Amino acid sequence: MPGCDTYRRKNPALALVLLAFAGLASCGGSSTSSSGKGPMPTIASFAANPTSIDSGVSATLSWSTTGATRVAITPGTFTSTSATGSTSVSPTATTTYTLTATDNAGSTTAVATVTVNAATKPVISSFTANPTSIASGSAAILSWATAGAASIAITPGTFTSTSATGSTSVSPTATTTYTLTATNSAGSTTATTQVTVTASGGTLTIETTSCPGGTQGQAYTGCTIVASGGTPPYTYSISTSPSFPPLPEGMSLNASTGMITSSLIGGQGTYTPEFIVTDSASDQATQQISIAVNGSSAFLANIFPSTSIFHHRVDAATTGLPVDDSPAAPMYSAYLSATVKPFFGNNSNAPFPNGIPAIEVPYNQPDVSVSTTVYQSYFTSGPIPPYAPVEGTSNSTGDRHVLVYLEAGGGNNPALYEMWQGIYEDGPWTDSSNALWPNVSSNNLTPQGQGTSDAAGLPVAPLLVNADEVIGTGTPSAPNGTVQHPIRFTLNHMLNYWVWPATETAGVGSCTESGGTSIPVESEISQSSPPASCTMSGPAGEIYRLKASVATPSCAATSPQAAIIITAFRNYGIILADNGDSGGLIGTPDARWNDNDLSCLTSLTLGDFEPVNVSGLIISNDSGATTP
């Protein structure tokens with residue numbers, strides 16, 4: 001039979017009849033190949049993700065085919081025998097990619113486009129020098145912040161980095177303008193900063209006179225001590241004289257650069273250390289610079305339950321609690337003329353912070369070794385961080401209380417660790433005595449007669465007046481808080497007995513029973529069954545409230561911090577906790593205290609207070625819980 005092409009040329013109509021008669025479907029141009037080898041492959045999908053990229057970024061090409069024995073993607077040399085799959089491409093310009101799917105019968109194609117966005121130059125948001133002026137031989141810190149830079153370089157010099165932000169130290173010998181060049185594939189951007197170098201010689205001087213303040217528990221913004229004159233280079237240090245405090249706990253001074261830094265400030269209150277700069281000729285310059293630190297003491301209000309005697313009102317109008325008429329109860333008559341004295345404040349103990357500090361640590365704070373050298377010890381290790389603040393600072397020769405509140409968590413209860421005469425020993429601590437309340441969500445007191453870190457066997461931390469509770473949600477000049485606990489105070493000498501909730505004493509004098517029998521000293525006496533007579537008065541743990549008949553001092557109208565504390569005198573009273581200056585009222589150090597405002601408290605004398613009989617509140621002698 002003649003070929004199909006012959007009939008097409010000579011008689012197309014006849015060719016179709018003959019082909020139909022022979023059972024042939026067609027003569028080419030369908031989904032089957034002309035060779036009869038089966039259907040050609042199909043492409044279900046071919047796509048780019050993302051479809052738009054920046055130069056230098058990759059996109060993914062994905063395909064799904066049926067029947068293909070081989071796929072190829074162009075431009076490029078990529079091939080695969082997988083019917084489905086993906087590959088990465090990094091075009092430098094907008095590109096349309098073609099997928100060719102092939103089998104024995106033929107090929108099928110599909111396209112996908114990757115749009116390449118035009119690259120932009122990097123942005124320099126800052127490039128600064130600190131300090132901007134130095135003496136010859138000193139150093140300055142160059143700091144930068146960029147966006148979109150693949151690399152940065154600083155000239156003059158050979159410094160390079162791939163960090164978008166950072167800093168480096170320079171020590172130019174003459175005034176120098178530094179250029180920061182930030183580069184990426186689109187090009188470069190520059191910025192400049194200058195470091196002025198003053199000539200050596202002349203009198204060595206510390207030019208810095210102030211540093212910014214900070215907040216306990218937070219990082220410090222930093223301060224650089226700047227010197228001039230003398231013979232650089234300089235060495236920076238802090239005086240260790242007992243006449244000056246060290247830096248606030250948690251802060252450090254770089255001896256080479258004079259930079260003060262801290263990732264977490266532990267101290268609170270106002271510290272005024274003496275800075276020393278020594279030049280290469282051993283000449284020295286000194287300067288006292290104050291660093292004011294706000295406390296973070298709101299946690300103190302959460303120590304012990306609301307049912308505790310340490311949070312119970314004692315004013316007669318609300319509670320009906322009577323005056324304690326025991327001969328042991330009144331403050332000794334010779335002390336009644338003493339004024340109330342706030343032993344806390346901002347600059348009231350300059351250059352040292354004034355008051356007893358406290359700090360809160362997380363539940364997983366690591367324990368360190370604690371060695372006790374004089375009195376009782378409740379713990380030999382505890383979560384006492386190296387930055388824990390010390391009363392009067394480590395340069396103090398006084399009580400050096402260290403108070404640490406451990407948050408609840410990890411299956412552990414909240415706890416209170418207190419040390420007396422705590423000293424940090426570059427890792428472990430030592431103290432002269434310590435006390436532990438392992439669960440301050442309970443009302444448990446310490447054992448009778450065992451003592452704590454104060455003379456009355458009381459906890460110190462929850463009885464301190466602190467700026468957070470006084471300020472409340474207000475401001476230091478317009479506070480709106482409340483003090484809802486008795487405030488710790490001292491007398492020159494306590495009686496040599498204690499009453500609930502105290503558990504110990506260190507006092508003078510003695511008492512007798514009604515029959516004349518002496519009551520053993522350094523023991524507990526009862527308010528409900530009081531002694532018949534005493535040679536001294538004022539037992540440890542006695543609570544005294546401001547008499548209802550005593551008018552609020554007129555200065556309280558313009559002393560809002562003092563006014564809130566005076567209200568607490570009426571409602572919650574003051575609690576005798578230790579031997580010290582008569583009328584000494586104890587609080588936390590804090591830069592937010594206003595010393596002029598607090599001076600209004602001195603308008604009151606100890607004679608304005610009366611002892612309160614709280615025996616009717618006792619549930620158990622070993623518990624601080626009160627009756628409803």
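The set of residues in the stretch 511-527 that are in a loop (DSSP other than H, G, I, E, B), within 49 Å of the chain's Cα centre (by Cα) and either under 19 Å from Asp324 (Cα atoms) or among the hydroxyl-bearing types (Ser, Thr, Tyr) (or both) comprises Ile525, Ser526, Gln527.
Looking only at the stretch 268-293, residues that are crowded, with 24+ Cβ neighbours inside 10 Å and more than 30 Å from Thr168 (Cβ to Cβ) come to 4 in all.
The sole residue among Ala68, Ala72 that is in a loop (DSSP other than H, G, I, E, B) and not polar (S, T, N, Q) is Ala68. Selection of first residues in the stretch 286-311 that are under 30 Å from Ile543 (Cα atoms) and of second residues that are crowded, with 23+ Cβ neighbours inside 10 Å and hydroxyl-bearing (Ser, Thr, Tyr), restricted to Cβ pairs under 6 Å at least 6 apart or on distinct chains, gives the following pairs, ordered by first then second residue: Gly295/Thr588; Ser297/Thr588; Phe299/Tyr405. Condition first: buried (at least 17 other Cβ atoms within 10 Å of the Cβ), out of contact with any Phe, Trp or Tyr (no Cβ under 7 Å at 6 or more places or on another chain) and of a type outside the set (Ser, Thr, Tyr). Now tell me which residues in the stretch 596-611 satisfy that. The answer is Asp597, Leu598, Cys600, Leu601, Leu604, Asp608. For the stretch 439-484, a residue qualifies if it is surrounded by fewer than 23 Cβ atoms within 10 Å (Cβ to Cβ) and assigned to a strand (DSSP E or B), and the qualifying residues are Asn444, Thr475, Ala478. Residues of the stretch 547-561 that are within 24 Å of Pro611 (Cβ to Cβ), surrounded by fewer than 17 Cβ atoms within 10 Å (Cβ to Cβ) and either free of Cβ contacts under 8 Å to residues at least 40 places away in the same chain or not assigned by TED's automatic domain parsing to the domain that holds Asp315 (or both): Ser549, Ala551.
Pull up the stretch 278-303, narrow it to residues that are of a type in the set (A, V, I, L, M, F, W, C) and in a loop (DSSP other than H, G, I, E, B), then point me to the one that is modelled with the lowest pLDDT. Please lay out each step first, then the result.
Within the stretch 278-303, the subset of a type in the set (A, V, I, L, M, F, W, C) is 281, 285, 289, 291-293, 298-301, 303.
Filter once more, keeping what is in a loop (DSSP other than H, G, I, E, B): 281, 289, 303.
Working: Ala281: 90, Ile289: 98, Ile303: 97.
My answer is Ala281.
The values are calculated or read from the model by the stated rules, or taken from the named source; none is laboratory data. If you're wondering where the values come from, they're calculated on a predicted model, not measured in any experiment. Heads up, the Cβs are rebuilt from the backbone with ideal geometry, glycines too, and the neighbour counts pull from every protein chain shown.
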